[in-house]
Structure formats: C-alpha cells, structure tokens
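Undergrad: A single structure is presented below for examination.
The values are calculated or read from the model by the stated rules, or taken from the named source; none is laboratory data. Just so it is clear, the structure is predicted and the values come from calculations on it, not from any experiment. A quick note on method: Cβ atoms are made from the backbone with ideal geometry, for glycine too, and the neighbour counts reach across all protein chains shown. Accessible surface is based on the protein model in full, side chains and every heavy atom, while ligands, DNA and RNA are left aside. Shrake-Rupley method; radii C 1.70, N 1.55, O 1.52, S 1.80 Å.
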Amino acid sequence: MSWFKRNKEGITTSTEQKKEVPDGMWFKCPSCKATLLTKDLAENRYVCSDCSYHCRIGSEEYFEILFDHNEFTELDANMTSGDPLQFQDTKSYSSRLKDAINKTGLKDALRTAHGKINGQDLVVCCMDFEFIGGSMGSVVGEKIARGIDYSRKHRYPLMIISKSGGARMMESAFSLMQMAKTSAKLALMHDEKIPYISLMTDPTTGGVTASYAMLGDLNIAEPGAMIGFAGPRVIKETIKRDLPKGFQTAETVLETGFLDFIVDRRELKEKISTLIRLFAN
Amino acid sequence: MFAVQTTPCMIFLDFEKPIAELYEELKNLQEIQSKGKIDVSASIREMEEKIEEERKKLYSNLTGWQKVQVSRHSERPYSLFYVQQMCSDFVELHGDRNIKDDKAIVGGFASLEGRTVMFIGHQKGINTKMRQYRNFGMANPEGYRKALRLMKMAEKFNKPIVTLIDTPGAFPGIEGEERGQAEAIAKNIREMFRLKVPVICVIIGEGASGGAIGIGIGDKVFMLENTWYTVISPESCSSILWRSWDFKEKAAEQLQLTAEHMHRNGLIDGIIPEPVGGAHNDPHAMAGILKDVLIRELDALSAQTPQERINARIEKFCNMGVVVE
Ligand SMILES: [Zn+2]
C-alpha cells in the first residue's frame, strides 16, 4: 500500500505516454471537430466544452476527479498478471504484458483506491482501457475482490468504474472465472447492505458487463457510452441485418431499463457524494 | 428398467476416418457371411475387436480441437435426453414469468431414484428443424431468468439443483441486448452463490463463456470427458488473436479448454468419463455414468449445512486466478 499525493502538473506529465488521454497542446474533438486547448479540456474533466463529448480517460484522471485534493491510498498497487497458461498467439502473453506495462506505466487494467469524496469515504476500482483493451484477467478480478473485501471490512461504499472490451482471452478460463469471483464477493456485500455503485463508461462490454458492471445497487453510465454484452460486429454477423440507431448506447440502455441514470462527468463527484450521503443518513 | 440395445454411432468425425474404414471392411465381411457360402464369422469378430481397439486408441489421445468436435457431435446426447434417461416423473416447467419461454434452456422437477431434483439445462435441437427451434442452444435473457426462477423455486422447496451446460454461447442479438442479456447472466451468477440448496453443474457438451457460466456456479462443477469450457470458442479466439479463422486447432490448444486441462488448472472439481468413442457412441451408458455421479455427489452435499455449502462455493471460485505480487 502506498500513499499518493499528486499535484496537477504531476498528472499532466505522466499522461504523456498514454494514448487514450489527449496529450498534445491542441485537441480536436472527434465528435464535433472543435479544436480545444488540451489544458482547457483537462480542466473540463476531459469533456468537450462545445458538444459535451466525453473523452476516454483512465484511473489517474478519475481518481483526480473524484478524490478530495487528489489524495488517496492505492490498494494492491503492485499486483501484476501471471501467465498460468504460457499463452502464445502471434505473440507471447508475457511479452504483451511487458509491452503494456512499459507503454502505459500501469501494472494491469484496473486500479483500486480509497479516499475521501467531499469528506466521505469511498473505495473506487477503476479500469484502464489502454491496458490490453481494459480486458479482465486474474488481476482485475482479484483486485476487485480485494477492493470489495476492503469496503466490507470498513463498511465504506464502493464504486467500480468499468471500461473494458471484455475478458482477457490469453488467460482463457481463468479470465472467465473472474466473473464468478467478483460476483461472489458482491453477493456477500449485497447481504451486508453496503452500497455499491457501478459506473459504466465507454466501452463496457462482454464478461465485465455480464458480471460486476450490471450488479450495482445503482447502475449508472456516462453519456454516449457503449454498453452491451455481445459486440456490435458479432451481433451484425449473427443476425445479418443492420443495428438500430443508438443501439447499445447508454441512452438506449437507460430507456430499456438497465440504468438508474446517466451522469455528465462534470457532475460526477457531486452526484456520487450526494448518493453516499443519502445512503448514509 | 430394461437394458437398451445400443448400436454404435455411424456418423464419423474427420479424425475418425480409420474407424469409418474399418466399418467398411466389417460391412463387406457381413455381406459375405450373409450369402452363406463362406463362414467368415471369426474374421467378423476379429474386425469388431479391431474397431474397438482402434476407437479406444483414438479416443485416449484426442487433441483439444478434436474434443471440441466431439462435444459438438450431432448425435451427442442433450439435456432432455439425460433427464429422461436418469429420472422418472420429469415435469418440464416453462417461462420466465415476464417475457416468454426460451426454448434454448429447459428445466423442471424430476425424480432421481426417489429424490426430487430441479434440472436446468441448455437444450440443442436433434434435427434441423429442432435446432432452429432451440436456437442452437443459445439462450436469450429470458432463458437465464427462467433458470433463476426455477432455481429460486427449488430453494424454496429445499430441492437440490443440477444444471447441464451445453451452449455455443448466449445469443448475440438485438432483442437479447435490449432485454439485458448481460444483466440476466450477471444476476444468475451472483444469485447462484446465495442458493441454500446443493447445486451441481455439469458441462455435457460446449461450455462457451458467459452463456455457460450463467448457469454454472455450483458446489461441484464437473465436465464430461470430451467437452470444453472457457471464455471463447477456439474459432473466435483464432479470428481475434490471429486475425484469421485458420488457427482454431492452435487456439484450442493454447486455451487449455479440455476437461483435463480445466481440472489440472483447478477450475473444475472433476471429470466424468465417457464411454469409449464418446458419449454419442453410447448415450445410454453415458446417462448411467452421469446418474451414478449425481447420486453420489448429491448424497455428499446433502450432509453439509446450507452455510457450509455457500461458504465453500464462494471460497472455491474466489481462489481462481493467478497473480504476481
Ligand atoms: Zn465536441
């Protein structure tokens, strides 16, 4: 366990190696094509000030957005993936892992932290999409399991921020069983009546959606996030017809009844701290 | 009970070509014999033994991909066959009480040697028309919700649950997504951990990913010898990781998806042996073997308290995974 205290400069420098988070001086919005200063975009929680497009960001940015003064204790910070199957496709899994660690500066696709949000305790497990597509392997499952145990032990509310392409194939059935492991811990938490908020961000798919992401007491999402079980390409190939407009977007998932609400990232912290207060009082 | 005369399956997979050829020879000998001019009965017996030898040899050394092929054999027994063979008084129960009745998952009470058991299983069709009707064993959310409804009812009346898993995956369709495929599977997984009654899961064919684990949380999880269970089919894995459909054999090997691998990796509790030549070669014998295992395991699980079972169930799955610290 280590104690992190970062200032704003620290955050912008370390994002340099990252692909997902805009890093140049200027940022062109992929949605409305507006050109914005990256600094302004960051100030605006990585939301386009013209069209409210939500850029993909990682755990570092979410922790900064959520935790008071960006102060938090990271849990299990040094956990990395084993390679139980010595998996080899066109590349070995072990070298894929090494590359991902070097490229992103992350240890795996999820980080857990405990901190204060407007003075109230919160445990956050946040996925990082840039680490092998935010895929769920043993580390993601184990860190969530331990994050839940930490929440249960201290009776702190839990938030999991999902952003994932699904299972990590290179861990095969070990990856599949993380759906079971995380859901088992959530079953315990469920019975102990500790609030769990699941925030789905773009994209949340596959085994992640079909386990912890859909098991929140509250299931919420960022605007425009793609949320689904099967990928759109697979569905299209299976049913051999076009998909309806807005299919698998947060807005549609809200309409079909599987989300409690959609939250703009600029209001995320306030909304979450209000909820924690409502659960507590 | 009466003994069922079973004839070996005559539909051969590509790797079974040596057996198919021996059957050709056997057929020729039988023709000669039937003409009555020469007595070749000794050669026929010899040939029959040779076929059995060859089958045993072939099936003792199947690759991952070959086991995937066996698990998908068109003559392989499916859930309803097993329930009907093993039990009496099977009453099928339908519907999720919300949207509809999913034909890809079946369930109901049955009597297993006098003990009432809730059986739930994926169901594939036995011919072209039925395969469509069963949606090839690919369930929609209402299938998983029907399964959960039946599990909760079993719990209410203190009856053990047996799930039979055989699916190429949960159905990837528009309606399924709109009705919450992911939510249905997620909720089943969580709720199966909380069931107070004994739960046994058996992979009887294909155990593909979320579609399989959606009814796959048990005190005991078994795989029949020639089945597979993992997070993705070898074909899809090949297309994603190798960007080509041509590496399915390699993907099957890398994924370690066979019962043997899954057991060695500590991800299942045991392997249930199949008759020589696979379950499809002697479905009745297979049902007999499965029945014996279920009775034995249900007896053992019934000796534990609900809390002991739930704790052990949770602990078992929580120990799965390999991390470095
Ligand atoms: Zn914009």
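Undergrad: Being near the ligand (Cβ under 9 Å from one of its atoms), farther than 14 Å from A:Arg266 by Cα and open to solvent by less than 50 Å² (accessible area, probe 1.4 Å) is the filter here, so list the residues in segment A:33-55 that pass it.
TA: Matches in segment A:33-55: A:Ala34, A:Leu36.
Undergrad: Restricting segment A:166-184 to residues that are more than 7 Å from every other protein chain (Cβ to nearest Cβ) and not acidic (Asp, Glu), which is nearest to B:Arg194 (Cα to Cα)?
TA: A:Thr182
Undergrad: Confirm whether A:Ser138 is under 30 Å from B:Lys248 (Cα atoms), within 13 Å of chain B (Cβ to nearest Cβ) and free of Cβ contacts under 8 Å to residues at least 60 places away in the same chain.
TA: Yes, satisfied.
Undergrad: Going by the conditions given, is A:Asp260 acidic (Asp, Glu), more than 10 Å from chain B (Cβ to nearest Cβ) and open to solvent by 20 Å² or more (accessible area, probe 1.4 Å)?
TA: For A:Asp260, the condition - acidic (Asp, Glu), more than 10 Å from chain B (Cβ to nearest Cβ) and open to solvent by 20 Å² or more (accessible area, probe 1.4 Å) - is met.
Undergrad: Same structure, new question: Within segment B:227-257, work out how many residues are outside any helix (DSSP H, G or I), open to solvent by 10 Å² or more (accessible area, probe 1.4 Å) and in contact with a helix residue (DSSP H, G or I) (Cβ under 9 Å, 6 or more places away or on another chain). Outline the logic, then answer.
TA: Going residue by residue through segment B:227-257, those that are outside any helix (DSSP H, G or I) are B:227-233, B:242-244, B:256-257.
Then drop every residue that is not open to solvent by 10 Å² or more (accessible area, probe 1.4 Å), which leaves B:231-233, B:242-244, B:256.
Still in the running and in contact with a helix residue (DSSP H, G or I) (Cβ under 9 Å, 6 or more places away or on another chain): B:231-233, B:242, B:244, B:256.
Counting residues in segment B:227-257 that are outside any helix (DSSP H, G or I), open to solvent by 10 Å² or more (accessible area, probe 1.4 Å) and in contact with a helix residue (DSSP H, G or I) (Cβ under 9 Å, 6 or more places away or on another chain) gives 6.
Undergrad: All but one of (1) away from every other protein chain (no Cβ under 14 Å); (2) over 13 Å from A:Leu110 (Cα atoms); (3) more than 16 Å from the ligand (Cβ to nearest atom) hold for A:Gly58; which doesn't?
TA: (2)
Undergrad: Now for a different question. Can you tell me which residue is least open to solvent (accessible area, probe 1.4 Å) among those in segment B:161-178 that are more than 7 Å from chain A (Cβ to nearest Cβ) and over 19 Å from the mean Cα position of the chain (by Cα)?
TA: Filtering first and then ranking leaves B:Gly176.
Undergrad: What pairs come up if the first residue lies in segment B:174-196 and is more than 18 Å from A:Lys185 (Cα to Cα) and assigned to a helix (DSSP H, G or I), the second is of a type in the set (Val, Ile, Thr) and open to solvent by 10 Å² or more (accessible area, probe 1.4 Å), and their beta carbons are under 6 Å apart, counting only those six or more places apart or on different chains?
TA: Taking only residues 6 or more apart or on different chains, the pairs are B:Glu178/A:Thr256.
Undergrad: Shifting gears a bit: Suppose we filter B:Gly218, B:Gly205 for residues that are touching a Cys at 6+ places or on another chain (Cβ under 8 Å), open to solvent by less than 20 Å² (accessible area, probe 1.4 Å) and either in a helix (DSSP H, G or I) or assigned by TED's automatic domain parsing to the domain that holds B:Gly125 (or both); which single one remains?
TA: B:Gly218
Undergrad: Would you be able to say whether some residue in segment B:94-106 is closer than 30 Å to B:Gln256 by Cβ and in contact with a Lys or Arg (Cβ under 8 Å, 6 or more places away or on another chain)?
TA: Within segment B:94-106, one or more residues are closer than 30 Å to B:Gln256 by Cβ and in contact with a Lys or Arg (Cβ under 8 Å, 6 or more places away or on another chain).
Undergrad: Right, another one. Please work out which one of (1) of a type in the set (Gly, Ala, Ser); (2) surrounded by fewer than 24 Cβ atoms within 10 Å (Cβ to Cβ); (3) touching a residue at least 12 places away in the same chain (Cβ under 8 Å) is the condition A:Ser162 fails and give its number.
TA: (2)
Undergrad: Moving on. Looking at segment A:185-218, which of its residues are more than 8 Å from chain B (Cβ to nearest Cβ) and either modelled with pLDDT under 95 or open to solvent by 10 Å² or more (accessible area, probe 1.4 Å) (or both)?
TA: Scanning segment A:185-218 gives A:Glu192, A:Lys193, A:Pro195, A:Asp202, A:Pro203, A:Thr205, A:Gly216, A:Asp217, A:Leu218.
Undergrad: Looking at B:Lys103, B:Lys57, which is the one that is outside the structural domain of B:Thr163 (by TED's automatic domain parsing) and under 30 Å from A:Ser172 (Cα atoms)?
TA: That would be B:Lys57, the only listed residue that is outside the structural domain of B:Thr163 (by TED's automatic domain parsing) and under 30 Å from A:Ser172 (Cα atoms).
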